[in-house]
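**Student:** Dropping the structure in here first, questions after.
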Amino acid sequence: MTKLPKDLEGLVGFHGRLGPYVLLGYRMGLMAKSYFPGKFYATLFTGTEPPVSHLIDGVQFSSGCTMGRGNLSIKEGGRPVARFYDGLRSLETSPLDTVQRKIDMAGSYEAGEKLSLELHELSDLELILVREGGREMSDRIVKL
């Protein structure tokens, strides 16, 4: 593996390797953490099948939303979509179509790792589509 940027070393230590979905989850979680000043929740529409489920580890690592804390839920869908909410506002994140196409074309672990390092260099706006919303009408009860 190539030398990792310093800020990704902990992520790789947590997940076990670098790939595009864990990187996306990491960046989505960072965005949410800066958007919500207090406690917030996450719903991920990844399902539990790799590789898209790797988004879960990235979000847990960077956002503080975890299965153990009870502020993270996983829904079936198999899509790299993360919805964050605090009871008043919501933020939905997904990869831009151009980014998703690049991920879909990465056919090997090595290609995925190389792509992840390239994606890491992009700004949030070049990487992630963000939709802001009002009150979250989730099936999950939000405890503030």
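Here, each number is a calculation from the coordinates, and none is a lab measurement. Given the structure is predicted, the values throughout are model-derived calculations rather than measurements. Cβ sites come from the backbone with ideal geometry, for glycine too, and all protein chains shown count toward neighbours.
**Student:** Can you sort Ile74, Ile56 by how many other beta carbons sit within 10 Å, fewest first? Provide the component values of the computation, followed by the final result.
**Tutor:** Values: Ile74 16, Ile56 25.
In increasing order of surrounding Cβ atoms, one gets Ile74, Ile56.
**Student:** Also, quick follow-up: Sort 78-89, 31-42 by packing, meaning the average of other beta carbons within 10 Å per residue, with the highest value first.
**Tutor:** Values: 78-89: 19.6, 31-42: 17.4.
Ranking the peptides 78-89, 31-42 by packing returns 78-89, 31-42.
**Student:** If you don't mind, another one. Need one word for the stretch 1-78: rounded, prolate or oblate. Basis is the Cα gyration tensor (sqrt eigenvalues a ≥ b ≥ c); a/c below 1.5 gives rounded, then a/b vs b/c decides.
**Tutor:** Since a/c reaches 1.5 but b/c is at least a/b, the shape of the stretch 1-78 is classed as oblate.
**Student:** Turning to a different aspect of this structure: Pull up all non-local amide H partners of Leu72: gap of 5 or more, or a different chain, and H-to-H distance under 5 Å with H placed in the peptide plane.
**Tutor:** The list, which skips near neighbours in sequence, is Ala42, Thr66.
**Student:** Would you mind getting me the FRET efficiency between Met105 and Ile74? Use the beta-carbon distance for r and R0 = 35 Å, nearest 0.05.
**Tutor:** 0.85
**Student:** Then there is this: How do the peptides 99-106, 22-29 rank, highest first, by the average count of neighbouring beta carbon atoms within 10 Å per residue?
**Tutor:** On the way: 99-106: 14.8, 22-29: 27.2.
So the order, starting with the most tightly packed, is 22-29, 99-106.
**Student:** What residues qualify as long-range amide H neighbours of Ile128, i.e. H under 5 Å apart, gap of 5 or more or another chain, H built at 1.01 Å from N?
**Tutor:** Distant-sequence amide H within range of Ile128: Leu96.
**Student:** Straight-line reach from Lys39: which lysines fall under 24 Å, measuring Cα to Cα and dropping same-chain residues less than 8 apart?
**Tutor:** Hits, sequence-local ones excluded: Lys75, Lys143.
**Student:** Using the Karplus equation 6.51 cos²θ - 1.76 cosθ + 1.60 (θ = phi - 60°), what ³J(HN,Hα) coupling, rounded to whole Hz, does each residue of the stretch 70-79 give in order, writing x for Gly and Pro?
**Tutor:** Rounded to whole hertz, the list is x, 10, 9, 10, 10, 10, 5, x, x, 10.
**Student:** Tell me, Thr66, Thr93, Thr48, Thr43 in order of fewest to most beta-carbon neighbours within 10 Å?
**Tutor:** Numbers: Thr66 14, Thr93 26, Thr48 11, Thr43 22.
Taking fewest neighbouring Cβ atoms as first place, the list is Thr48, Thr66, Thr43, Thr93.
**Student:** Show me, for the stretch 45-59, the HN-Hα J-couplings you get by feeding each phi into the Karplus relation (A = 6.51, B = -1.76, C = 1.60, θ = phi - 60°), rounded to Hz, glycine and proline as x.
**Tutor:** 9, 9, x, 10, 9, x, x, 5, 5, 5, 4, 4, 4, x, 5
**Student:** Hey, another quick one. Over the Cα atoms of the chain, what Rg and Dmax result, in angstrom?
**Tutor:** Values for the chain (Cα only, Rg and Dmax): 14.4, 43 Å.
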